[in-house]
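Please treat every number below as a calculation from the coordinates, not as lab data. Small disclaimer: the values here were computed from a predicted structure and weren't measured. Don't worry about glycine lacking a Cβ; one is built from the backbone with ideal geometry, like all the others, and counts go over all protein chains shown.
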């Protein structure tokens, strides 16, 4: 959200009720900022399922493939040693390293996938300019209405948010009218 409105609410239940009311009226580009996850807010926003699980699965499969094929190639093709009639493809010996690289690659995929999905690192965002927004990580409950929403009209949306119980409603990313 580059432009729009930011409304502060008393708590997560009031925030969820406001989101449900706005979605019933046709608003779709809504976002919530709150200190802890809250099931009612997530359900009210109707968020799509995160693709992060697929990133982790792909990372884990890649790690297992790299480990297993790397050990097999080294032992059976690139540098085979026949010591004590040891087979070139000793699958039980490959299991620990295969498991460890599976966990390592899955963990790296989870971290970097999460950072990419959250668009991090983000050093600045228009909402950081709102006085008191730092409380969103402590005890603040904020609702953002994006200006790109088809139902968005600054004055009408501002009055509607106030009617829904917002403590205060501020414009984000644009100058307030004189």
Measure nothing but the geometry: give the 0 to 90° angle between the long axis through the Cα atoms of 12-24 and the longest principal axis through the Cα atoms of the chain, rounded to 10°. 80 degrees
Would you mind checking the tilt of helix 91-117 against the longest principal axis of the Cα atoms of the chain, expressed as 0 to 90 degrees and rounded to 10? 20 degrees
Given the Cα-Cα distance of residue 74 and residue 53 and 0.36 nm per residue of separation, how much length would full extension add, in nm? 4.4 nm
Only one of the listed values, (1) 52; (2) 40; (3) 30, was derived from the coordinates as percent of Cα pairs over 25 Å apart; which label is it? (1)
With the chain treated as a Gaussian network of Cα nodes joined by springs under 10 Å, which of 90, 153, 115 yields the largest mean-square fluctuation? 90
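Indicate the gyration tensor shape class of region 52-117 (rounded, prolate or oblate), computed on the Cα atoms with a ≥ b ≥ c the square roots of the eigenvalues: a/c under 1.5 is rounded; otherwise a/b larger than b/c is prolate and the rest oblate. Could the numbers behind the result be given before it?
Details: a/c = 4.39, a/b = 3.31, b/c = 1.33.
Note, shape of region 52-117 comes out prolate.
Can you give the calculated 222 nm mean residue ellipticity of the chain, where each DSSP H run of n ≥ 4 adds -39,500 (n - 2.57) and the sum is split over every residue, rounded to the nearest 500 deg cm²/dmol?
Values: 5 runs with 78 residues, N = 178.
So the helix-based figure for the chain works out to -14500 deg cm²/dmol.
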What residue among 32, 14, 67 shows peak mean-square fluctuation when the chain is described by a Gaussian network model with Cα springs under 10 Å? 67
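Given a Förster distance of 22 angstrom, what is the FRET efficiency for residue 112 paired with residue 43, based on the Cβ-Cβ distance and rounded to 0.05?
Numbers: r = 28 Å, r/R0 = 1.29.
It comes out at approximately 0.20.
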What angle do you read, to the nearest 10 degrees and between 0 and 90, between the alpha-carbon axis of helix 52-72 and the longest principal axis of the chain? 10 degrees
Based on the Cβ-Cβ distance from residue 153 to residue 62, what FRET efficiency comes out when R0 is 45 Å, to the nearest 0.05? 0.40
Considering the chain as a Gaussian network with a 10 Å cut-off on Cα pairs, which listed residue, 31, 149, 78, attains the greatest mean-square fluctuation? 78
